[in-house]
Amino acid sequence: MSQFFEIHPDNPQPRLIRQAVDIIAEGGVVVLPTDSCYAIACHLDDKSAVERIQRIRQLDKKHNFTLLCRDLSEIATYARVDNAAYRLLKANTPGAYTFLLRATAEVPRRLQHPKRKTVGIRVPANAVLQALLMEHNQPLMSTSLILPGQTFPETDAYEIRAKLEHQVDLILDGGHCGVEPTSVVDLTAPVPALLRQGRGSVEGLV
């Protein structure tokens with residue numbers, strides 16, 4: 001049975017954040033709030049945890065996970081960022097965006113698009129998730145929590161517990177999250193391209 005932490009959305013309790021990080025470090029699968037919708041995440045390149053997420057969401061092996069990073073400096077470890085992309089990222093992070101960038105050798109293969117060698121990266125503004133990433137001191141692999149047969153992500157932590165309490169290790173209740181996903185912007189070409197309009201405003205981006 002999963003653990004369930006009611007965590008303050010603006011001032012997350014350090015004790016609970018530390019416990020959550022310990023669970024992730026031990027291979028746990030965690031449901032957490034973001035600035036777009038609830039997501040399901042695990043430790044970077046944890047093969048067993050990734051396979052559990054794939055089973056929960058019924059994803060095939062081709063599904064690309066997103067890398068949750070705490071800041072711009074962390075992005076540079078996992079993605080190639082030229083000057084134009086850096087300026088755009090600096091102006092729009094943290095926020096409800098996923099940016100598609102060229103992956104570096106540091107990126108686990110299962111995170112990369114197999115042909116394009118790209119990776120989806122986001123720097124969330126959500127206070128709970130930021131605290132978690134700072135304490136964890138490295139990125140998390142994640143995907144939106146859209147359950148099989150559903151069109152929209154889960155929005156309520158108590159409903160998530162009722163559905164997944166025997167399949168995940170921890171649910172972080174950070175309050176109600178919306179159903180609108182991130183806006184996805186491709187930065188791999190000279191001109192940014194909008195791949196999906198979501199919660200993040202794209203005015204001035206593309």
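The values are calculated or read from the model by the stated rules, or taken from the named source; none is laboratory data. Only a predicted model underlies this, so the values are computations on that prediction, with no experimental measurement involved. Note that we place each Cβ from the backbone using ideal geometry, even for glycine, and neighbour counts take in every protein chain shown.
Does any residue in segment 39-55 that is more than 10 Å from Met141 (Cα to Cα) come within less than 8 Å, Cβ to Cβ, of a residue that is assigned to a helix (DSSP H, G or I) and basic (Lys, Arg) six or more places away or on a different chain, and which pairs are these?
Listed by first residue and then by second, the contacts come to Lys47/Arg110.
Looking at (1) at pLDDT below 95; (2) surrounded by fewer than 14 Cβ atoms within 10 Å (Cβ to Cβ), which one does Pro181 not meet, given that it meets all the others?
(2)
Condition check ((1) over 18 Å from Leu195 (Cα atoms); (2) hydrophobic (A, V, I, L, M, F, W, C); (3) at pLDDT 95 or above) across all residues:
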| site | (1), (2), (3) |
| --- | --- |
| Glu74 | yes, no, no |
| Asn83 | yes, no, no |
| Ala105 | yes, yes, no |
| Arg109 | yes, no, no |
| Lys115 | no, no, no |
| Gln130 | yes, no, yes |
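So which of Asp10, Asp22, Asp35 ends up being free of Cβ contacts under 8 Å to residues at least 40 places away in the same chain and either touching a Gly at 6+ places or on another chain (Cβ under 8 Å) or more than 19 Å from Ile146 (Cα to Cα) (or both)?
Asp22 is the lone residue from the list that is free of Cβ contacts under 8 Å to residues at least 40 places away in the same chain and either touching a Gly at 6+ places or on another chain (Cβ under 8 Å) or more than 19 Å from Ile146 (Cα to Cα) (or both).
So, Val185, is that one in contact with a Leu (Cβ under 9 Å, 6 or more places away or on another chain) and not in a helix (DSSP H, G or I) or not?
It is true that Val185 is in contact with a Leu (Cβ under 9 Å, 6 or more places away or on another chain) and not in a helix (DSSP H, G or I).
Can you tell me which residue is farthest from Arg109 (Cα to Cα) among those in segment 56-84 that are surrounded by 13 or more Cβ atoms within 10 Å (Cβ to Cβ) and of a type in the set (Gly, Ala, Ser)?
Ala76
Matching residues to (1) loosely packed, with under 14 Cβ neighbours inside 10 Å; (2) in a loop (DSSP other than H, G, I, E, B); (3) free of Cβ contacts under 8 Å to residues at least 24 places away in the same chain; (4) among the acidic types (Asp, Glu):
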{"site": "Pro124", "(1), (2), (3), (4)": "no, yes, no, no"}
{"site": "Val128", "(1), (2), (3), (4)": "no, no, no, no"}
{"site": "Gln150", "(1), (2), (3), (4)": "yes, yes, yes, no"}
{"site": "Thr155", "(1), (2), (3), (4)": "no, yes, no, no"}
{"site": "Gln167", "(1), (2), (3), (4)": "no, yes, no, no"}
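Looking at Leu100, is it surrounded by fewer than 21 Cβ atoms within 10 Å (Cβ to Cβ) and of a type in the set (A, V, I, L, M)?
no
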